[in-house]
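Data first, discussion second: the structure below is written as structure tokens.
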Amino acid sequence: MKAVAPKKYTTEDLETWRVILSEHRKKRDSQVCDIFLKGLEILDINEDEIPDLEEINKVLMRRTGFEGVLVEGLEEGNSFYHMLEERQFPVGNFIRSREDLSYTPAPDIVHDLYGHLPFYTDKAYSDFSYEFGKAASRYADRPELLRQFERFFWFTVEFGLVKTTQGVRIFGAGIASSTGECDYALSDAPTVYPFDIDHIRKQEFRIDEMQKILFCLENPEQLYRSLPELCARVEQDARTSA
Ligand SMILES: [Fe+2]
């Protein structure tokens, strides 16, 4: 991981931020789960300005010990999991172009800061993330086993759904940070399976299109509680393939 200095955003960048967040504000209360909505309020993230990460971090550190760290581009597997283990989350130091408003294949400040960081105001979520990073890091030199953690992260933290008393809501930051993907994920288009560790750890995904397969949690705690079982199954594979 190579931390970088904050980018000076242009007027056009600020306009991109404003357009995406204003658009999302219209729907997010009825689309995304409470952890995210509460986190936005706590961090005071709004369309008026791209937040100062230092100010965000003061609040995060006080609440859960996590902090966002500005990075150039995508943090790859091992480096990413190690950051979680250090209670850090990488934040892309750029914003998508105007042509790509509702979807970005590379994680930018909208995806990372707006999509992910609000979740890190929540203690149980943050502790899970830290434990996940610690567990995945143990398999740093076993790519085929690490892949199972990657899929698990993808179908929950990035692209998970969750049942709530108001109906199914978005749990994954990858969906939450994209207006287009929010509409798609809650439509009849994707196939939605119940959360299942064995299914998820074997389920391939593509990063270059809307997610046609999704998994729905009964509640966030189901995810937090599932980590020991995921680790046990990966460890079983480790023993049989050693
Ligand atoms: Fe992400």
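The values are calculated or read from the model by the stated rules, or taken from the named source; none is laboratory data. These figures come from a predicted structure and were not determined experimentally. Backbone-built Cβ (ideal geometry, glycine too); neighbour counts: all protein chains shown.
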Legend entry - Residue within the range 103-113 that is of a type in the set (Ser, Thr, Tyr), out of contact with any Leu (no Cβ under 6 Å at 6 or more places or on another chain) and at pLDDT below 95 present: yes
Inset, instruction - Quick one: which residue in TYR125, TYR114, TYR81, TYR120 is in contact with a His (Cβ under 9 Å, 6 or more places away or on another chain) and of a type in the set (Ser, Thr, Tyr)? - result: TYR114
Legend entry - Set ARG201, ARG151: member being over 24 Å from HIS24 (Cα atoms), within 15 Å of the ligand (Cβ to nearest atom) and either more than 12 Å from the chain's Cα centre (by Cα) or β-branched (Val, Ile, Thr) (or both): ARG151
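Taking the condition within 16 Å of the chain's Cα centre (by Cα), among the aliphatic types (A, V, I, L, M), within 16 Å of the ligand (Cβ to nearest atom) and exposed (fewer than 14 other Cβ atoms within 10 Å of the Cβ), does ILE207 pass?
Working: within 16 Å of the chain's Cα centre (by Cα): yes; among the aliphatic types (A, V, I, L, M): yes; within 16 Å of the ligand (Cβ to nearest atom): yes; exposed (fewer than 14 other Cβ atoms within 10 Å of the Cβ): yes.
When the stated conditions are applied, ILE207 passes them.
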Legend entry - Hits in the range 163-193 (condition: exposed (fewer than 12 other Cβ atoms within 10 Å of the Cβ) and closer than 19 Å to ARG151 by Cα): THR191
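Taking helices (runs of 4 or more DSSP H) that fall entirely within the range 1-98, which contain at least 2 residues that are more than 24 Å from PHE128 (Cβ to Cβ) and in contact (Cβ under 8 Å) with a residue 60 or more places away in the chain?
Working: elements: 11-31, 34-43, 53-64, 77-85.
Ranges flagged: 11-31.
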Legend entry - Number of positions in the range 93-114 that are within 17 Å of GLU55 (Cα to Cα) and within 13 Å of the ligand (Cβ to nearest atom): 5
